[in-house]
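Written out below as structure tokens is the structure these notes cover.
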Amino acid sequence: MLFFNNKFDNTRKLEGYTKSDILKIKNEILDLKSQKEPSTELNSYLEQQFRFHLLDEYSNYVLEIISFIQKYLVDVSKDLYFTLKTSINEELNLISHNLGNLISNAGSIKRHLKQNSSLDNFIVLAKKVKNDINDILPDLKKNVVSVEKEYQNEREIWIRANNVKNLVFKLNPIPKDLLLWEEIKAIEVFIISLVEAEGIRKAKLRKDKINSFHFDELYQFILSKEKPKLELYYDLVYFLYKKGYIEEFEKDEEFVNVLERKEVQKTLKKEMKAFILSFITDKFEPILGEISKLDQEFAIDDSQQKGKFDKEALLKESFPDLLSKIVNLYFNGLDKKFQDMVSDIDDKETNKFVKIIDLFYSKIDLLAALIDEFDTWLLSFDKYLTPYETITSSLKKTLASLSSEIFRRKEEYANYLMSIKDESQRIEIRNIVDKKISEVNKIISSYEDETSLIIKEELPQLRNVRDIIKNYKAQIELIKDDVYTTLEKYKDGNVDMYNIIRYWEKNFNRKKQQVTFLLSILVNKIFKSFKDLIDEESILFAEITEITKQAENFEGLPFNFALSAFLAERLTEEEIKERIGEIEAKINQLTTSLGLYQVEKAKLDEMLSNKVKIRAGVSASNVQCTVCHKNIDFSKNQVITCPFCGSTYHYLCVADWLSKYNSCPMCQNQFLDPNLGLFES
């Protein structure tokens, strides 16, 4: 069987019956029915008329081709074996068309027969074969995609590369299910014939029998085929290679003829140029288009005027020069475009800066992705060049260099972008802080204004005292006037006036101290009333510099004293020294306050210890627990003292003993009430 262009029973295409054909067959059937043995003659006529054997040939082809499709074509890449898949698809469609006409023809004749099992079976089998075709065609069609770009046609690259290299291949055993197909069988027969033709010479060269051949021999065999079959044979040869039935042989042999090797390299490089150029023109088309637009606007090539970019001339350059110029021109254009866009932006419009840099950063990213994609494709391309991979070495070096350059430029844009973003954030934070400082300053000013009005006013208690003083002062002045008048009256007499005056002074000096004491009580009372307010005010202004989040249970340092957590790498040495000095001052301030409280606490602890000792009947200054021999802190520890021997214990040291024996571990005297409940917990 052939993959396509089969002539089953020397027939390619079957047509449906016309009315005259049906009428003619009808009349012949009527004649056959009138004979003595109509059924035998009729069945023979129907078998001949409808070519029942043709259905067997169709069924056999469909069965084998479906098996081939499912085994070898369904799971392969869609762009592989396009001609083979298309040819099979056309062949199946033609058979489906023929089966449809056979079924239609048989149906038209069946109406003129009451019942005929042969014709019925023929229609059933024909429908089954047609249904099998209809079931497999969707799987085949969805797996057929034509290759539009040269660089995507791996079969063509492989054929043309090996035609130049002309390496030795060998033929491995091909499965029987593939040798059913005449095209594959023809390839095998041709290769074996090559081996048999040179059998004597090859037998001398090798002890083992290997079906080896040069690729050029197979290539010439393909060229000998008719043009419609050329592409099919290309597909089949590549199919056999992909499946491992044809493989390269003696890959590691060194070339004896150096000149021949150089000539092959030169030819192969020239032959493969079209595929590489196809990749570049397709993948880099957006970049080339943008270069053209940038040149129209800015003249990206400093040696030329605007709009002088010649794409066609550029594509004629060697590949390393071509790619280098594409990258350089693109960067020149982007730089000029960038400078033009940012020149009209105010320094404060940082958001616009960021958007512009992000845009150019994404463009460089796209270019880098294209270079990486080209490098990846080139690595896969090398498998077709073996053992001449070195012909792409200069191009690979160029790609590596361009990748480094693109990465460097990308980092420049990234750093510039980050500096703009940092400056934007710094300005934003500074503005926020300035606003908050203004709010706090406003609050402080309001506080000062509001409290100053109150401070300027005289306290009601003081006004009352002042009025009382005025009242009593008037009364005392009257009395003093009377005393003065009396003393004035008797100053010339012999009365001991000095002692009377001293008596007056002593009396009122004592009263003066009493009055002063009363005023001191008033002042102290007023001070105590304002002490809490004074403390709150001092705390308000003492903590105003500390940036903290208000919380009931604040844990951790204020934000401006916890710089090591988030600014460790950003602070300069001077800034760190400055902050250390401020923290040391804070520690000294807290240490002073802490010392005062610790002294006060120590005094209270001592007072508490003395009271506990007195209550427990202990007179020694340092008392040790009789069990653990550690000093007892009477202000903190719970203790038990034996009333008989005076031994003192930590409660926890002796509790378990007492709960069991209810006696002093030292003197063994029982001294606790069993119902006291001391050990219940």
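Measure up Lys243/Lys316; Lys577/Lys603; Lys311/Lys363; Lys185/Lys262; Lys273/Lys337 against 27 Å on the Cα-Cα distance and list the ones that go over.
Lys243/Lys316; Lys577/Lys603; Lys185/Lys262; Lys273/Lys337
Any chance you could run the full-extension gain for Leu596 through Glu584? It's 0.36 nm times the residue separation minus the Cα-Cα distance, nm to one decimal.
Separation in residues times 0.36 nm, less the Cα-Cα distance, equals 2.5 nm.
Can you sort Trp504, Trp181 so the residue with the fewest Cβ neighbours within 10 Å comes first?
Ranked by crowding around the Cβ, least crowded first: Trp504, Trp181.
What net charge is computed for the residues neighbouring Glu389, neighbours being all others with C-beta under 10 Å from the C-beta of Glu389, Lys and Arg scored +1, Asp and Glu -1?
Surrounding charge for Glu389 is +1.
Note down the nm distance, to one decimal, between modelled labels 7 Å out along Cα→Cβ at Asp216 and at Val465.
Here the answer is 12.8 nm between the modelled labels.
Putting +1 on Lys and Arg Cβ atoms and -1 on Asp and Glu Cβ atoms, find which of Ile88, Ile66, Leu54 reaches farthest to the positive end of the dipole of the stretch 19-141.
Farthest towards the positive end: Leu54.
For a quick check: sort Lys13, Lys141 by the number of other beta carbons within 10 angstrom, fewest at the front.
Fewest to most other Cβ atoms nearby, the residues stand as Lys13, Lys141.
Taking 0.36 nm per intervening residue step and subtracting the Cα-Cα distance, what contour gain separates Leu30 from Glu411 on full extension?
127.8 nm
On a 29 Å Cα-Cα criterion, which of the cross-link pairs Lys473/Lys525; Lys24/Lys130; Lys531/Lys613 come out too long?
Lys531/Lys613
Can you put Lys7, Lys352 in order of Cβ neighbours within 10 angstrom, beginning with the fewest?
Lys7, Lys352
Please find the FRET efficiency linking Lys528 to Trp657, where r is the Cβ-Cβ separation and R0 is fixed at 56 Å, and quote it to the nearest 0.05.
My answer for the efficiency is 0.60.
What lysines does Lys397 reach when the alpha-carbon gap must be under 16 Å and sequence neighbours fewer than 8 apart in one chain are set aside?
Lys325
How long is the gain from Lys480 to Ser445 if the chain were fully straight, where each residue apart is worth 0.36 nm and the alpha carbon distance is subtracted?
Result: 7.5 nm gained on full extension.
Using a 7 Å offset from the Cα along the Cα-to-Cβ direction at both Ser292 and Thr376, what is the distance between the two label points in nm, to one decimal?
2.8
Just add up the charged neighbours of Asp375: K/R +1, D/E -1, any other residue whose Cβ is under 12 Å from the Cβ of Asp375.
0
Below 9 angstrom from the Cβ of Phe3, what's the summed charge of the other residues (Lys, Arg +1; Asp, Glu -1)?
Net local charge, Phe3 excluded: -3.
Throughout, read-outs are computed from the coordinates displayed, never taken from laboratory work. Not measured: the values here are computed from a predicted model. In this analysis, Cβ positions are derived from the backbone assuming ideal geometry, glycine residues included, and neighbour counts consider all displayed protein chains.
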